[in-house]
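What follows is a set of notes on a single structure, which appears directly below.
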Amino acid sequence: IVFATQLGDCVNDGDTAAYEWANADSAFSLLEGYVTPATPNGMPYGITVGNHDQTPIGTPRSVGDEGATTLLYNQTFGVSRFQGRTYYGGHYGSNNDNHFELFSASGMDFINVALEYDATSSPERTAVLDWADGLLKTYGSRRAIVTSHHLLNPNASFGNQGQATYDALKDNPNLFLMLCGH
């Protein structure tokens, strides 16, 4: 295993249950403790923000003042936790709600772009998708994976976020995999 990704809903109760974040912290610390010559920063991994990682649950951040917060997500899995790790590529904006990782396996290079749960079509969502598109173009020689919490509906059709994500990124020939949870 050279990389692990989590698809959102790290916790159930967003910013209202610190003990859930403590449990998640303990679990992911196990990956960080897996240090070998090939993994000097522990097992490379990424965590996607799901609707249960936000407060109030399921309210996209981009709604504005009424939008969701991800305070405990960013206290637990924020930029400071990943900055300096060789696989961490960076983040969008001022927090780690949208971020990317770089890793290699079997002679192939990959980029994983993690997009927070946000089913809106707001200007902020458009800016995030523009950022992701720019990453896939900048790292065009890497095989691209996009992870988000909600891309598909139960009937396997695209949800609003999934359709917008696909439409924004489908012209990148390196994009070969989109993963979601929910």
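The values are calculated or read from the model by the stated rules, or taken from the named source; none is laboratory data. Small disclaimer: the values here were computed from a predicted structure and weren't measured. Neighbour counts are summed over all protein chains in view; Cβ atoms, including those assigned to glycine, are modelled from backbone coordinates with ideal geometry. Ligands, DNA and RNA are stripped out before the accessible areas are found, and what is left, the full protein with its side chains, is counted by its heavy atoms. Shrake-Rupley method; radii C 1.70, N 1.55, O 1.52, S 1.80 Å.
Can you name the residue in the stretch 135-182 that is charged (D, E, K, R) and open to solvent by 60 Å² or more (accessible area, probe 1.4 Å) and, of all such residues, is farthest from F103 (Cα to Cα)? By that ranking, first place goes to D167. The lone criterion from (1) open to solvent by 20 Å² or more (accessible area, probe 1.4 Å); (2) part of a loop (DSSP other than H, G, I, E, B); (3) under 23 Å from G134 (Cβ atoms) left unmet by V49 is number (1). Name the strands (runs of 3 or more DSSP E) wholly inside the stretch 85-182 in which the number of residues that are not hydrophobic (A, V, I, L, M, F, W, C) is 1 or more. The strands (runs of 3 or more DSSP E) meeting that bar are 88-91, 99-105, 108-115, 143-148.
Among residues of the stretch 170-182 that are small (G, A, S), those with a Cβ under 6 angstrom from a residue that is part of a loop (DSSP other than H, G, I, E, B), sequence gap 6+ or separate chain, pair up as G181/L7; G181/G8; G181/H149.
Each row is one residue, and each column tells you yes or no for (1) in contact with a Leu (Cβ under 7 Å, 6 or more places away or on another chain); (2) basic (K, R); (3) open to solvent by 50 Å² or more (accessible area, probe 1.4 Å).
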| residue | (1), (2), (3) |
| --- | --- |
| Y34 | no, no, yes |
| Y45 | yes, no, no |
| F82 | no, no, no |
| F103 | no, no, no |
| D133 | yes, no, no |
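Checked against (1) part of a loop (DSSP other than H, G, I, E, B); (2) under 15 Å from H182 (Cβ atoms), T5 passes all but condition (1). Taken over the stretch 165-182, the criterion of being at pLDDT 95 or above and of a type in the set (G, A, S) is satisfied by A168 alone.
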